[in-house]
Amino acid sequence: MFKNNNIIKNLEKTKREIKDACVLAKVPEKNINLVAVSKTIESPYICEAAKMGHRAFGENKVQEAIQKWPDIKKLYPKTILHMIGPLQSNKVKDAIKIFDVIETLDREKIALELKKNINKFKSFPKIYVQVNIGEEKQKSGCPPSEAKKFISNCNDYGLNIEGVMAIPPQDEDPAPYFALLSNIAKESNIKNISMGMSKDFEMAIYLGATSVRVGTKIFGERKDKKF
């Protein structure tokens, strides 16, 4: 039987670090959702984490998720799959079928495509808006100045935006960007804030994150695969 003790140890260590961060931030540990980023990670490794009772996982690509997750969900039906990569309009239907949470709604075209399909499926994923808090050309996300209006428009479409998500610039202090996203969430009356990854999730928790996306610290360095 497949077994990787490193994943188990890494997951336990990450959860301890989250607990410590919660103590510093004076927030209940139960308020923080750890999304284990499983992009490019093979199913047996994911199942090791799921076997421990871990529930939330994140994938970047719809096609990869479709290949891996139907079988995983049969074994571990309580797992919750987050879409954390850019979503293309021609992949919206497939994303609705496989994901429980879509964190990367970032523009009108995708919002309209989601709206078009909202009543066509028995279950519909929770939707977060991605904000390009660093206003970087190479990153997805709506501009911070437009986020509040975009969230309002999406709610008018019936999408019921439940969270915001962002990735700060890589080589800068993430704190101001985390604070900006928290402020956007507060102004839009949104409680779920997805920010913080392997290198900076402690800071994210201190500044208001309710969900952190951690991959490398759990599964180790990954090699990109083509799906």
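The values are calculated or read from the model by the stated rules, or taken from the named source; none is laboratory data. Predicted, not measured: the structure shown is a model, and the values here were computed from it. With ideal geometry, Cβ positions are generated from the backbone for all residues, glycine too; neighbour counts draw on all protein chains shown.
Using beta carbons and a limit of 6 Å, which pairs, at least six apart or on different chains, have the first residue in segment 15-27 and buried (at least 16 other Cβ atoms within 10 Å of the Cβ) and the second one of a type in the set (A, V, I, L, M, F, W, C) and outside any helix (DSSP H, G or I)?
Ile18/Ile32
Search segment 1-11 for residues being touching a residue at least 12 places away in the same chain (Cβ under 8 Å) and not hydrophobic (A, V, I, L, M, F, W, C), and hand back the single one that is surrounded by the most Cβ atoms within 10 Å (Cβ to Cβ).
Only one residue fits best here, namely Asn10.
Identify all residues within segment 157-177 that are crowded, with 19+ Cβ neighbours inside 10 Å and touching a residue at least 40 places away in the same chain (Cβ under 8 Å); write none if there are none.
The answer is Leu159, Ile161, Gly163, Met165, Tyr177.
Could you pull out the residue among Ala50, Ala36 that is at pLDDT 95 or above, farther than 13 Å from Val214 by Cα and crowded, with 18+ Cβ neighbours inside 10 Å?
Unique residue meeting the criteria: Ala50.
Just checking, how many residues over segment 89-122 are within 23 Å of Val37 (Cα to Cα) and not aliphatic (A, V, I, L, M)?
Residues flagged as within 23 Å of Val37 (Cα to Cα) and not aliphatic (A, V, I, L, M) within segment 89-122 amount to 10.
All but one of (1) over 23 Å from Asn5 (Cβ atoms); (2) assigned to a loop (DSSP other than H, G, I, E, B) hold for Lys39; state the number of the condition that does not hold.
It is condition (1) that Lys39 fails.
Hey, among Ile46, Ile80, Ile98, which residue is under 21 Å from Thr14 (Cβ atoms) and either within 15 Å of the chain's Cα centre (by Cα) or among the polar types (S, T, N, Q) (or both)?
Among Ile46, Ile80, Ile98, only Ile80 is under 21 Å from Thr14 (Cβ atoms) and either within 15 Å of the chain's Cα centre (by Cα) or among the polar types (S, T, N, Q) (or both).
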